[in-house]
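What follows is a set of notes on a single structure, which appears directly below.
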Amino acid sequence: MIVAVLCVVLAISVGVAVYAGYGRRNGGISEFLVGGRSFPAWLVYFLAVGEVYSIGTLLGFPSGIYAHGASYGVWFIGYILLAYVFGYFLAPLVWRAAKRYDAMTVPDIFGRHFSSRAVELVTCLTLLVGLVPWGQYQFIGLQVVLSSLGVSLTPVQAVVIAGVLAFLYVAVSGIRSPAYVSVIKDTLMVITVAAVGIAVLFATRGSGAATTPIHLTPAVSTISGSAMTFTMTTIVFQALVFYLGLGASYILPAKSERAVKGSTVWMPLYMLIYPLLVLASFYALQKYPGVSNPNTIFMVTARGLLPDWLVGIVASGAALSGLLVLAATALGIGGLVSRNLLSGLGAHAQRRWSTVFVAAFLVLGALLTLYASTLMLTVLNLFYGLVAQVVPAFLVVLFARRVPAAAITTGMVVGVALSVVLYLQGPSVLGGINSGVISTGVNALVVLMWRLLAPGPEREPVARGARRDDPQRRILAAQA
């Protein structure tokens with residue numbers, strides 16, 4: 001029954017992906033990567049939550065609380081909540097920057113703003129190094145889902161099926177497929193979490209017995225010392241990276257700044273799933289102590305409380321969570337390689353080669369999952385530290401004048417190198433401070449000092465430019 005429900009849902013998702021691409025097969029690279037910049041607010045919302053609330057939310061969040069206690073849950077929820085406040089003001093400016101430079105990737109924006117091929121290349125390579133293990137992490141999550149269900153698939157069969165489905169989503173209509181399939185995935189994910197959370201309440205007879213201090217030790221319910229330092233610095237750091245480092249894939253397809261802002265307003269509603277995930281995590285701590293692989297704890301709890309057909313729904317929501325992020329990450333990598341790493345490709349060639357590089361990445365990710373998962377999980381720990389190095393450059397594009405391109409490339413290279421060094425030194429030497437705060441701070445300091453000592457040519461910051469999608473401004477400009 002579990003496998004039957006999972007197969008039906010995946011088949012429906014492929015049908016939706018094909019429908020999303022109907023009549024758009026011959027669209028150009030803009031249609032492929034950013035949907036022709038035409039998505040309304042509701043579609044931007046589903047695409048954004050489809051990527052933000054990935055398989056890491058459904059499996060990683062409960063396993064983090066199960067393995068590390070309350071501090072994991074606090075910074076995880078805290079940074080997402082704070083990110084929406086930043087996003088309300090910054091995300092429309094990111095869209096405006098992309099519109100001004102007709103950009104479809106972050107390196108497009110930086111390269112054209114600073115008129116520098118070096119800035120474009122360094123940004124592209126920084127993002128590629130961070131995104132490859134992030135995509136591969138989705139493969140591992142899908143393996144966890146299938147194995148915890150007792151599905152008789154070998155690891156090779158599991159990653160092949162995941163890779164083929166992710167490729168189908170992207171190949172038929174680019175970013176439109178993940179956006180439309182996200183509607184199914186997000187609906188199932190809410191049903192999934194609600195079902196498990198309500199089942200826990202019934203299992204404890206609504207007494208809250210799973211979370212009372214009598215049952216939980218202080219180690220899993222309080223934060224102090226270096227854990228508190230890590231929690232606070234991580235909340236601020238990752239909230240900034242949320243939109244300025246990772247948001248381009250769901251901001252750039254929007255049709256206007258208003259659509260971006262409209263989607264951001266409703267994003268916090270999705271966080272209502274977290275209390276139920278916390279409840280399920282604490283229940284699992286008492287009901288299933290000593291589970292060898294904490295990543296399976298949510299699925300173990302679901303199988304212990306729900307009937308098979310509902311476990312099938314849970315598995316479908318988890319599988320689509322991983323597949324969508326895998327597809328969107330593969331599409332982003334394809335765009336980075338075809339537009340920014342290579343140069344001189346025409347618009348039609350970019351679309352064709354993007355599809356080729358999407359397939360190449362999925363094959364590479366599958367191989368790394370099977371043969372080098374430990375190495376790539378190590379690199380994944382650097383993911384936020386690497387992607388964060390584009391944040392100072394983005395702040396310059398949005399708000400600063402007269403910052404030379406050389407300052408941006410130097411700051412980014414120093415930040416990437418420092419991220420690696422700090423990771424190798426370990427967290428103990430930092431007193432609990434998130435290493436990304438230090439590496440990104442040094443990156444920003446390099447840019448600032450260079451700007452003070454040798455300012456470059458003046459460029460208009462995006463935040464001070466006219467809102468080109470604002471009808472009232474267009475009327476005033478025409479009258480002038």
> Of the conditions (1) assigned to a helix (DSSP H, G or I); (2) more than 22 Å from VAL325 (Cβ to Cβ), GLN136 fails just one. Which one is it?
Replying inline: (2)
> Within the group PHE32, PHE89, PHE46, which residue is assigned to a helix (DSSP H, G or I), over 22 Å from ILE235 (Cα atoms) and out of contact with any Lys or Arg (no Cβ under 8 Å at 6 or more places or on another chain)?
Replying inline: PHE46
>> Need pairs with beta-carbon distance below 9 Å; first residue free of Cβ contacts under 8 Å to residues at least 60 places away in the same chain and within the range 271-283, second open to solvent by 20 Å² or more (accessible area, probe 1.4 Å) and assigned to a helix (DSSP H, G or I); sequence gap 6+ or separate chains.
In response: LEU272/VAL190
> With LEU128, LEU142 as the choices, which residue is touching a residue at least 24 places away in the same chain (Cβ under 8 Å) and surrounded by 20 or more Cβ atoms within 10 Å (Cβ to Cβ)?
Replying inline: LEU142
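Provide a single number: the residues in the range 164-185 that are open to solvent by 10 Å² or more (accessible area, probe 1.4 Å), under 17 Å from VAL358 (Cα atoms) and of a type in the set (A, V, I, L, M, F, W, C).
First pass over the range 164-185, keeping only residues open to solvent by 10 Å² or more (accessible area, probe 1.4 Å): 164-165, 167-168, 171-172, 176, 180, 183-184.
Subsequent filtering for residues that are under 17 Å from VAL358 (Cα atoms) retains 164-165, 167-168, 171-172, 176.
When the remaining residues are screened for being of a type in the set (A, V, I, L, M, F, W, C), the result is 164-165, 167-168, 171-172.
Matching residues across the range 164-185 total 6.
So which of ALA349, ALA330 ends up being touching a residue at least 60 places away in the same chain (Cβ under 8 Å) and at negative phi?
Details: ALA349 fails: touching a residue at least 60 places away in the same chain (Cβ under 8 Å).
ALA330 is the lone residue from the list that is touching a residue at least 60 places away in the same chain (Cβ under 8 Å) and at negative phi.
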>> Given (1) open to solvent by less than 10 Å² (accessible area, probe 1.4 Å); (2) over 28 Å from THR192 (Cβ atoms), identify the lone condition not met by LEU240.
In response: (1)
> Could you list, in sequence order, the residues of the range 425-454 that are more than 24 Å from the chain's Cα centre (by Cα), at pLDDT below 90 and open to solvent by 40 Å² or more (accessible area, probe 1.4 Å)?
Replying inline: GLN425, SER428, VAL429, GLY431
>> Would you confirm, using the coordinates I've provided, whether ILE273 is more than 30 Å from SER439 (Cα to Cα), within 27 Å of the chain's Cα centre (by Cα) and either buried (at least 18 other Cβ atoms within 10 Å of the Cβ) or at pLDDT 85 or above (or both)?
In response: yes
> PRO392 fails exactly one of the following numbered conditions: (1) in contact with a helix residue (DSSP H, G or I) (Cβ under 9 Å, 6 or more places away or on another chain); (2) farther than 30 Å from SER435 by Cβ; (3) at pLDDT 80 or above; (4) not β-branched (Val, Ile, Thr). What is the number of that condition?
Replying inline: (2)
>> Criterion first (part of a helix (DSSP H, G or I), β-branched (Val, Ile, Thr) and either open to solvent by less than 10 Å² (accessible area, probe 1.4 Å) or touching a Gly at 6+ places or on another chain (Cβ under 8 Å) (or both)) does THR329 satisfy it?
In response: yes
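Being under 28 Å from GLY312 (Cα atoms), in contact with a Leu (Cβ under 7 Å, 6 or more places away or on another chain), part of a helix (DSSP H, G or I) and open to solvent by 30 Å² or more (accessible area, probe 1.4 Å) is the requirement here; does VAL8 meet it?
On the way: under 28 Å from GLY312 (Cα atoms): yes; in contact with a Leu (Cβ under 7 Å, 6 or more places away or on another chain): no; part of a helix (DSSP H, G or I): yes; open to solvent by 30 Å² or more (accessible area, probe 1.4 Å): yes.
Taking the combined requirement at face value, the residue does not satisfy it.
The values are calculated or read from the model by the stated rules, or taken from the named source; none is laboratory data. Bear in mind that the values here come from a model prediction, so they are computed numbers and not experimental data. Cβ coordinates were reconstructed from backbone atoms using ideal geometry, including for glycine residues, and neighbour counts include every protein chain displayed. Each accessible area value is taken on the protein alone, full model and side chains, heavy atoms only, with ligands, DNA and RNA left out. Shrake-Rupley method; radii C 1.70, N 1.55, O 1.52, S 1.80 Å.
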